[in-house]
Amino acid sequence: MSLSCSCDGSIYDYDWVYDGPSDFFPFKEHGEYKRRKRCASCGELIEFNAECVRYDRFRAPRSEYEENRFGSEVCISPIFHCEKCAEIYVTLWEIGYRCMSPDVPVREHLEEYWQITGFDPKKYE
């Protein structure tokens with residue numbers, strides 16, 4: 001999915017869709033999460049108590065049974081971004097790019113943004 005300010009289509013056009021990024025929160029061992037999770041963007045393990053962002057996901061029902069049981073949206077497991085990837089993603093989200101997939105490396109989104117704006121990061125090294 002390329003960088004875009006809007007997404008066309010419905011839940012039925014995608015494998016899954018997601019709510020926008022949550023607020024940053026410390027990834028806690030106790031409670032809901034018993035194991036560390038991998039960042040959906042860079043693949044690094046998110047350590048306990050490290051800041052991260054959660055993306056709640058859902059998909060369209062794939063059978064009559066799912067539709068009767070869950071309705072028009074079936075919740076699926078959330079995915080997470082580590083602090084570094086989340087900073088990039090949330091920044092792009094806040095400036096208006098709302099059609100990014102959180103499971104694509106955010107570096108690709110950032111480089112596409114640099115191309116669109118003409119920004120040259122090498123100029124500032």
Could you give me the residue pairs with C-beta distances under 7 Å whose first residue belongs to the range 105-125 and is aromatic (Phe, Trp, Tyr), whose second residue is in a helix (DSSP H, G or I) wherever it lies, and which are 6+ apart or on separate chains?
113/92; 114/121
Within the range 31-87, the count of residues that are closer than 19 Å to residue 16 by Cβ and in contact with a His (Cβ under 7 Å, 6 or more places away or on another chain) comes to 4
What about residue 27, is it in contact (Cβ under 8 Å) with a residue 12 or more places away in the chain, out of contact with any His (no Cβ under 6 Å at 6 or more places or on another chain) and hydrophobic (A, V, I, L, M, F, W, C)?
yes
Pairs returned, first residue in the range 78-96 that is closer than 11 Å to residue 53 by Cα, second residue that is assigned to a helix (DSSP H, G or I) and of a type in the set (Gly, Ala, Ser), beta-carbon separation under 9 angstrom, 6 or more apart or interchain, are 80/86
Can you work out which of the residues in the range 41-85 that are in a loop (DSSP other than H, G, I, E, B) and touching a Cys at 6+ places or on another chain (Cβ under 8 Å) is surrounded by the most Cβ atoms within 10 Å (Cβ to Cβ)?
41
Go through 73, 44, 64 for me and flag whichever is among the charged types (D, E, K, R) and under 17 Å from the mean Cα position of the chain (by Cα).
44
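Each value in this text was obtained by applying a stated rule to the coordinates, not by laboratory testing. The structure displayed is predicted, hence computed values, not measured ones. Note that each Cβ is placed from the backbone with ideal geometry, even for glycine, and that neighbours are counted across all protein chains shown.
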